[in-house]
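Q: Below: one structure in structure tokens.
The values are calculated or read from the model by the stated rules, or taken from the named source; none is laboratory data. Quick caveat: nothing in here was measured; it's all calculated off a predicted structure. Cβ coordinates were reconstructed from backbone atoms using ideal geometry, including for glycine residues, and neighbour counts include every protein chain displayed. Keep in mind that these areas ignore ligands, DNA and RNA; they rest on the heavy atoms of the full protein, side chains included. Shrake-Rupley method; radii C 1.70, N 1.55, O 1.52, S 1.80 Å.
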Amino acid sequence: LGSVNAYFTSAKFLLYLGHALSTWGDRMWHFAVSVFLVELYGNSLLLTAVYGLVVAGSVLLLGALIGDWVDKNSRLKVAQTSLVVQNLSVILCGVILMIIFLFKTQLLTLYQGWLLTLCYILVITIANIANLASTATAITIQRDWIVVVAGEDRSKLADMNATIRRIDQLTNILAPMAVGQIMTFGSPMIGCGFISGWNLMSMCVEYLLLWKVYQKTPTLAHKSAKVEASELKQLNVKKESDMKPAEGVQLIIEKDVSGFEPQQKEVSCAARIAEPFITFRDGWVAYYNQPVFLAGMGLAFLYMTVLGFDCITTGYAYTQGLSGSVLSLLMGASAVTGIMGTVAFTWLRRKCGLIRTGLISGVAQFACLILCAISVFMPGSPMDLTVSPFADISARLFENEPLPTIASPEPEMIFATGMPNLLNGSIIPANSDPEMSPKPVPLISVSLLFAGVIAARVGLWSFDLTVTQLLQENVVESERGIINGVQNSMNYLLDLLHFIMVILAPNPEAFGLLVLISVSFVAMGHIMYFRFAQKSLGKQLFVCHTPDLKAAPDSSPPGNTSTV
């Protein structure tokens, strides 16, 4: 009983609990805000598309700056500030959306509708701020706090990373289902109120949990930061005689933020203006110079894919005759295989080491995605490259026909029985009229496609955890924020490119080509990781061994050239 009580009051469990609350709120909000924007703008996907573009562009441009801010401030301040900003932004968005739902008719008549447009802009802007704050929270908690709480035990770090991912997998499925039911049996306005209330409650609890974790882990109070060259000379005058020869060539020197106060210098206005651009440049240069650069790039390339359970793939599935209920079961199966991937990661790491785990995971993922490539050429595949992707759009423009929008006026269709189909701009509910449903097609192709996508989740999540831990172990403490910020930017850049790819070829006949391109990018990502592993392990690349889990130096990647 004492050990159980000790676990439930430990910093590790409190960190899990805080992450579960935070992730649950995030998933509810990300699901709901897209649906709200669709409902508000006359059942059009325009606002949702603008929101997605703004979010991706903001993280792409500001990822390094957010990471730099995380590095330069104390851990507790960063975590609490990002937590409060994120939740208050969501609460404010919820209140504004409730006002819009209540008074939309009146707002349309004021100032020729410009006031309503201003409200839309305000919602997207504040929602984007919430997403940026969420990015800062993820960097500081998942890339920094978790490393400090795990201490020198890298096996414990691997287990904590895997548990965090399991929480992500469960909330990805359960949170949208919960808020969807509330909006289905209530109304969008009730959904807004529920999410705002949840975030207010969650913010208070998470704030308390962060403080408890901080108190239980004294090492969180000590944070290293880079020292300027002029400060370095003053700081190390008395220590030069004691410095070892190997230490004299270190490129990155660290100090305790609380121990040394640099002299304040006057900074010109031009320097202040240029500082964000310099930080942006320095962040990307530092990322390129990391020993795990190729591994990080390999992970980023996996984002350039349509082979996931996003709106693109589900929209394609509807055109192939799959119902909403079948898709929900497939999404549940993908969550199960994702959790299996986290279990496989911890087992493989113990048996073969961290770097080899990434290799095995990459091979497993790519082997499963071969099924997706084969599905393109199987009966039932609509691939036909002779059909122009813009034939339908150009025909409508020249014939003065309206472009397709979401067909159903009832929001319940979105929440209960259907999902937005971005390939043809319509919603196809599960219980729609047979005449309106897609024509029956052989299911061999789409079955192989989803079999490959679901099976590949095991390798995908195991590989993701591998690269995450490589970044945690190999990036020095003073650069964890900025390096992981740039990594997020790279992920968003490739994710943005995959949406652009769909925009250029939006018709179902071209989806097979998108599948082949996606498999190619996954292959390129794993080739990059293979090159990283080859540099790190050399001739020992394919020799599995059982690392000594108690001795951290023995289990560290041979490619780790950074020291703290």
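Q: Using θ = phi - 60° and the Karplus relation 6.51 cos²θ - 1.76 cosθ + 1.60, list the HN-Hα couplings for the range 171-183 in order, rounded to whole Hz, with x at every Gly or Pro.
A: Once rounded to whole Hz, the list reads 5, 4, 8, 6, 5, x, 4, 5, 5, x, 5, 5, 6.
Q: Zone of Lys216 (label point 7 Å along Cα→Cβ, backbone N under 15 Å): which residues in the range 1-38?
A: 2-21
Q: Can you tell me the dipole magnitude for the range 97-173 around its Cα centre, using point charges on the Cβ only (Lys, Arg +1; Asp, Glu -1), in Debye to the nearest 20?
A: Details: 6 positive and 5 negative charges, 42 e Å.
Dipole size: approximately 200 debye.
Q: Per-residue HN-Hα couplings for the range 71-77, Karplus 6.51 cos²θ - 1.76 cosθ + 1.60 at θ = phi - 60°, whole Hz, x for Gly and Pro?
A: Using θ = phi - 60°, the values come out as 5, 8, 10, 5, 4, 5, 5 Hz.
Q: Using a Förster radius of 30 Å, what is the FRET efficiency between Val343 and Thr9 based on their Cβ-Cβ separation? Nearest 0.05, please.
A: Working: r = 26 Å, r/R0 = 0.87.
The computed FRET efficiency comes out at 0.70.
Q: Same structure again: Could you tell me the calculated FRET efficiency between Arg531 and Ile500, based on Cβ-Cβ distance and R0 = 25 angstrom, to the nearest 0.05?
A: Working: r = 27 Å, r/R0 = 1.07.
About 0.40, to the nearest 0.05.
Q: Next up: What spacing in nm lies between the two simple spin-label points modelled at Ala451 and Ile190, each 7 Å away from Cα in the Cβ direction?
A: Label at Ala451, label at Ile190, 4.2 nm between them.
Q: Which FRET efficiency value, to the nearest 0.05, is calculated for Val205 and Glu275 with the Förster distance at 45 angstrom and r the Cβ-Cβ distance?
A: Details: r = 36 Å, r/R0 = 0.80.
The value I calculate is 0.80.
Q: Hey, another quick one. Each label point is 7 Å from the Cα along the Cα-to-Cβ direction; what then is the distance between the points at Ile370 and Thr386, in nm?
A: 3.2 nm
Q: Shifting gears a bit: Roll a 1.4 Å probe over the protein chains and send me the accessible area per residue for the range 1-218 in Å². Don't jump to the answer; show the numbers that get you there.
A: Working: 9160 Å² over 218 residues.
Here the per-residue accessible area is 42 Å².
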